[in-house]
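One structure is given here, and the rest of the page talks about it.
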């Protein structure tokens, strides 16, 4: 790694989006200073368009990962591979869409700082999906989450927002501390900070074979990840933060931070505890895949059962997001497949699920933003008659909910199909069955919302919901992506995810 | 045994700072004065680090302990007015505090004198600066593309965002 001379130009493509994001952060800061109050809306357009443009940078052919197999850059801090590409694209698009749907939100839409902090958080998430060194892992994680604590508190006059920010901060820093403890133990055992060198050291003869302390470190790290992806039983912050934070922030937390954490989760465990790793006669992989399977089952059951009794739409989506983390963990658990093909499929199914979940959840939250800005209500009951007030809005939320439930032609169907398929390939048929049963439970509460929108009547039916042009675009584009991913787009994106998964095992 | 040169004079001076400052902390009745004595004592420790050829630790000692922690203590004292009027020099737990302090002293002194965790014989007679990385190494590592330049830059971005966020949350509405 250090053998080669440092080549600045060759190293740049690996952090191209991050460099762009840094420049954009400065541009937004200056715009905030110089634009008069009447033109403040343009900050959101600049930030959104910039993020969307940057989403192309990982795809520029000349900047593709090098073919010579030497993928570690910046002293092994980041790994420039296809997995980081696919996750960077979805994170940048999530950031762009979040900017576009914040424009008309009271108290935050015209504040330059809001977009600046979103950009920095996006930068952290991008780095997290490529991080391959313990130092970079922790720093990227904090660069992603500390801005999110600020964003959750952004509506300062709203006590719920302040409460959610405080809760997020306390739980989040607690989780970070636990994870950091695990990471430092790993460093202590091996003296290496690079993820790939840690595994190398453990397999070398210098390491005194004792599996118990390494397992302890592994459990601490799993707990930290559990908080970040909001898997049960580490989900306590999720409903309160989702409900209290400004809705665009909720949307961003639910997709970008979850996607980046899943990218790191698969990269970290495959790199540090690969299937070939044996301490004494213990296969470490057997432990973490079992842990993931348990987390998956607990998250799905807790998320779906508690979601059944929710009255607030944001809390409903919070519990749904816990359940979705559970489904995705099925894919992580399926990495225990015997063949390389099966393992690749398992990682690819996680990548595809996160890709489609990003757009699905953003679509759902965009509708909720429009609804709450117009009516000031977040309860499911008040969605009554939405079909008569604004048929397009009702249709968009229906598409999002069907996708979350996994009904074709929405993208969620293929997302779940690939996950359950990977589980069956890995001889985890029982886990796939648990997943299917949970999907049926979940279908109930998603359908209740759809029923309220289309069947129930309300006295406000003659008041349409105003929608500005940027929301039309947000809704149109995300809905289109959800439908395309559920039909013709599924195969190409899954192929991309397969290549990204393959890059982890090479 | 002790030759009188610049180093030994500095050692005696810094020792006086540390011990005198520590004595001042526990004997003064004014909490603000106590905090100032604490700064004096911590400054002496920073001086020890310089004498031990560990300039980086000395800088950290000044920045973190004097720059941050002592100032924090002074802020805390000023914000809690009721504390400043305490005049009692002893309270009912003085003997417990003395016991713990004495035990800690014995423990630390034994740790230094007895070779339990003490100096490794492998490095006997070598100055510390030959064994551990110097401040120069550290500085180069932070800007070397093959080492830590990326985390270094990301950390500065994170701090910028955190500062802007703190201002956004804390400032009055215009």
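The values are calculated or read from the model by the stated rules, or taken from the named source; none is laboratory data. Quick caveat: nothing in here was measured; it's all calculated off a predicted structure. Here Cβ is always computed from backbone atoms with ideal geometry, including for glycine, and neighbour counts include all displayed protein chains.
Select from segment A:31-60 the residues that are surrounded by fewer than 17 Cβ atoms within 10 Å (Cβ to Cβ), in a helix (DSSP H, G or I) and away from chain B (no Cβ under 13 Å) and list them in ascending order.
Answer for segment A:31-60, where residues must be surrounded by fewer than 17 Cβ atoms within 10 Å (Cβ to Cβ), in a helix (DSSP H, G or I) and away from chain B (no Cβ under 13 Å): A:34, A:38, A:39, A:41, A:42, A:45, A:49, A:53, A:59.
Taking the condition of being surrounded by fewer than 21 Cβ atoms within 10 Å (Cβ to Cβ) and either in contact (Cβ under 8 Å) with a residue 60 or more places away in the chain or not in a helix (DSSP H, G or I) (or both), how many residues in segment A:472-483 meet it?
3
Considering only residues that are over 16 Å from residue A:225 (Cα atoms) and touching a helix residue (DSSP H, G or I) at 6+ places or on another chain (Cβ under 8 Å), which ones fall in segment A:165-179?
Once the filter is applied, which keeps residues that are over 16 Å from residue A:225 (Cα atoms) and touching a helix residue (DSSP H, G or I) at 6+ places or on another chain (Cβ under 8 Å), segment A:165-179 yields A:165, A:167.
From the residues in segment A:150-161 that are part of a helix (DSSP H, G or I) and in contact (Cβ under 8 Å) with a residue 60 or more places away in the chain, which one is nearest to the other protein chains (Cβ to nearest Cβ)?
Restricting to residues being part of a helix (DSSP H, G or I) and in contact (Cβ under 8 Å) with a residue 60 or more places away in the chain, the top hit is A:151.
Only one residue in A:233, A:147 is away from chain B (no Cβ under 14 Å) and in contact with a helix residue (DSSP H, G or I) (Cβ under 9 Å, 6 or more places away or on another chain). Which one?
Sole residue among the options that is away from chain B (no Cβ under 14 Å) and in contact with a helix residue (DSSP H, G or I) (Cβ under 9 Å, 6 or more places away or on another chain): A:233.
Go through segment B:16-58 and report how many residues are in contact (Cβ under 8 Å) with a residue 60 or more places away in the chain and assigned to a helix (DSSP H, G or I).
Number satisfying all stated conditions: 3.
With respect to residue A:131, is the statement that it is crowded, with 24+ Cβ neighbours inside 10 Å, within 18 Å of the chain's Cα centre (by Cα) and either at the interface with another protein chain (Cβ under 10 Å from one of its Cβ atoms) or at pLDDT 95 or above (or both) true?
Here the answer is yes, as residue A:131 does meet what is asked.
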